[in-house]
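Working notes for the structure below.
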Amino acid sequence: MTRPLRAALAAAALLLIIPGIALGRHATSTLHARYLVVIVMDGYRPDYMALAPMHNLHALMASGMTYTRAWVGQLETETPTGHATIATGVYPRKHGVIGFVWKDPTLQNITWMPTDTRLINAGDMENLIEGGGVPTLSDLLHSQNPAAKSVAISGEKFYAVDAMGTGADYIVYGDSYGKNYGWIAPVSIGRHIAPARAHLSNLKIHSAADPLTEDRFVARIALRMVATVRPRMLLLNLPGADIEGHRSGGVTAPVAIHNVDTNVDHILYQITSTYRHLGIYNQTLFVVTADHGMLPNGHIVPRQAMYNTVRATGAPLLEMDFLSTAGYVFLRNPSDAPRVASAVVAKHFRWVEGALYKVSVPGGFAFRVEPQTAKQLGPSLTRAYLDLADTFASATSPDVVFPYAEDTLGEIVKGYGPHWGTHGGLSWRVQHIPLIMSGPGVRRGTSYFPAKLADIAPTIERLMGFPIPKGVDGVVLGDALTHPASGDVAHERAVAASRSADVDALKAHSIAQHALVLDNQ
């Protein structure tokens, strides 16, 4: 445990613990949820839910609160970044997991830590997250009850489960091996080794990884760990929707997403049935969400020409990443950012909406908009883009951000069908996510409040009776609580107008580009 984390935990312990939350739709012997199940459907868009009858998901929605305008609310819209935010309630500029790549300003180099299993097993990403000074959900659980167990599980996405499971007792993912990668076996990360009595090695699957198999694998490991250690926190990443979205575009393959949906809904049935059988369902808070959305390959930016334009500026480079749904440039000299931004904007590359560049400000960093970009986007969309970019503005973040039009990618994937997909940027369909909460202390209903990933941790902490750490960026979702604590609703209302303006701008931009019929609530 890092020194900043110890200090944060000590501070959290001194906070006033809000009086107990009144019982919601569950009959329970405690004032707070005793157990937690978080299910992150990786890369899942809310409109996927209409592609199959998901009876078990809708049962959770009917018994709890559904946020129809939930969004990531930060950059980047990438898996490790989103899961770190879910675990902490802070933006990337604090927890440090910027995306799949970021820079070390001291060494003047680039790290790909999230995909480096050596660094992951050494605990580097967990140390980075905890070094941000805000305890994770698992850390808070252990500060309240050292004997309680927290378990985090994924399929192939070790960087997702390690981020969300920072501080957990057991962190497990599925590693593929053998001829043609025909086996999937459970592997523990670093010191978070699953207990021998769980016999996880018996659960390896003789099958090549695919979206449905990956999600089923997660469910098998989860049910075994629940039976073995009865975790107070079960944190699951289901990678199936993301895998399918990358290889088919997601919305462009409704039959494939239908199969993913049906599979996920059966997994929900397995988990909720198990918790009922164990007699702990009514004591359990269920949270179902996603880490980001997904866009199909409607357009491809002229990536090579953009690379050449940046190089032609003569600005010393660390890295350029134009492959996702936005472009990012890391510079050796941050002062070069304005001229690099202007050089690319001056070329009027198709599907590139403009540029934002990072500057130093008192106490940290912030993004500014390139002048021509501001004229093109207009004030509302400019403000939304800047608000998103500022969530990862730090010494390690990119120096220049190039927003792309929606359904625009930076890569061509050879060997795939006519469609494929990706994420990573600012547009609405990678920002829009599902968010459902059900359990003790949760109201029934639908909310139009634009809840963010950063709100999930503080809301869980309130519902589980934990002190909310100082420094969280999210707010407690007071409108989800049967009896919100003093100040919860006020804090929510204080950010509602600015968040709603950003969401409305992003949605309006999506409608203007695609003539899509979206819910304007």
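The values are calculated or read from the model by the stated rules, or taken from the named source; none is laboratory data. Please read these numbers as outputs of a predicted model, since none were measured by experiment. A quick note on method: Cβ atoms are made from the backbone with ideal geometry, for glycine too, and the neighbour counts reach across all protein chains shown.
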Of the listed residues (T252, T228), the one being under 26 Å from Q144 (Cβ atoms) and touching a His at 6+ places or on another chain (Cβ under 9 Å) is T228
In the range 170-194, anything free of Cβ contacts under 8 Å to residues at least 24 places away in the same chain and of a type in the set (S, T, Y) is listed as Y173, Y177, S188
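Table: residues versus (1) closer than 20 Å to A384 by Cβ; (2) polar (S, T, N, Q).
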{"site": "H432", "(1), (2)": "yes, no"}
{"site": "T446", "(1), (2)": "no, yes"}
{"site": "F449", "(1), (2)": "yes, no"}
{"site": "P458", "(1), (2)": "no, no"}
{"site": "R462", "(1), (2)": "no, no"}
{"site": "G487", "(1), (2)": "no, no"}
{"site": "E492", "(1), (2)": "yes, no"}
{"site": "I511", "(1), (2)": "yes, no"}
Conditions (1) touching a residue at least 40 places away in the same chain (Cβ under 8 Å); (2) within 20 Å of the chain's Cα centre (by Cα); (3) assigned to a loop (DSSP other than H, G, I, E, B) -> V476 fails only (1)
Of the listed residues (P418, P467), the one being over 26 Å from G133 (Cβ atoms) and either of a type outside the set (V, I, T) or in contact (Cβ under 8 Å) with a residue 40 or more places away in the chain (or both) is P418
Expected output for the range 134-149 (first residue in contact (Cβ under 8 Å) with a residue 24 or more places away in the chain, partner basic (K, R), Cβ below 7 Å, 6+ apart or cross-chain) is V134/K94; L141/R232; A148/R232; K149/R232
Q.
Residues that are outside the structural domain of P398 (by TED's automatic domain parsing), over 15 Å from the mean Cα position of the chain (by Cα) and either in a loop (DSSP other than H, G, I, E, B) or free of Cβ contacts under 8 Å to residues at least 40 places away in the same chain (or both): does the range 94-102 have at least one?
A. yes
Q: Consider E78 carefully, then state whether it is acidic (D, E) and under 14 Å from the mean Cα position of the chain (by Cα).
A: yes
In the range 129-151, anything surrounded by 23 or more Cβ atoms within 10 Å (Cβ to Cβ) and either on the phi > 0 side of the Ramachandran plot or in a helix (DSSP H, G or I) (or both) is listed as I129, E130, L137, S138, D139, L140, L141
Tell me, please, whether a residue that is in contact with a strand residue (DSSP E or B) (Cβ under 8 Å, 6 or more places away or on another chain), under 17 Å from L409 (Cβ atoms) and either without any contact (Cβ under 8 Å) to a residue 40 or more places away in the chain or not assigned by TED's automatic domain parsing to the domain that holds I39 (or both) can be found in the range 331-343.
no
For the range 483-501 the number of residues that are polar (S, T, N, Q) and either at pLDDT 95 or above or touching a helix residue (DSSP H, G or I) at 6+ places or on another chain (Cβ under 9 Å) (or both) is 2
Just one listed residue, out of R216, R197, R220, is charged (D, E, K, R) and touching a Leu at 6+ places or on another chain (Cβ under 6 Å), and it is R220
For strands (runs of 3 or more DSSP E) lying entirely in the range 331-426, having 2 or more residues that are under 22 Å from the mean Cα position of the chain (by Cα) and surrounded by 18 or more Cβ atoms within 10 Å (Cβ to Cβ) picks out 400-403
Across the range 188-212, the tally of residues that are crowded, with 18+ Cβ neighbours inside 10 Å and of a type in the set (V, I, T) stands at 2
Of the listed residues (A393, A405), the one being touching an Asp or Glu at 6+ places or on another chain (Cβ under 8 Å), among the aliphatic types (A, V, I, L, M) and either farther than 26 Å from G133 by Cβ or not assigned by TED's automatic domain parsing to the domain that holds Y67 (or both) is A405
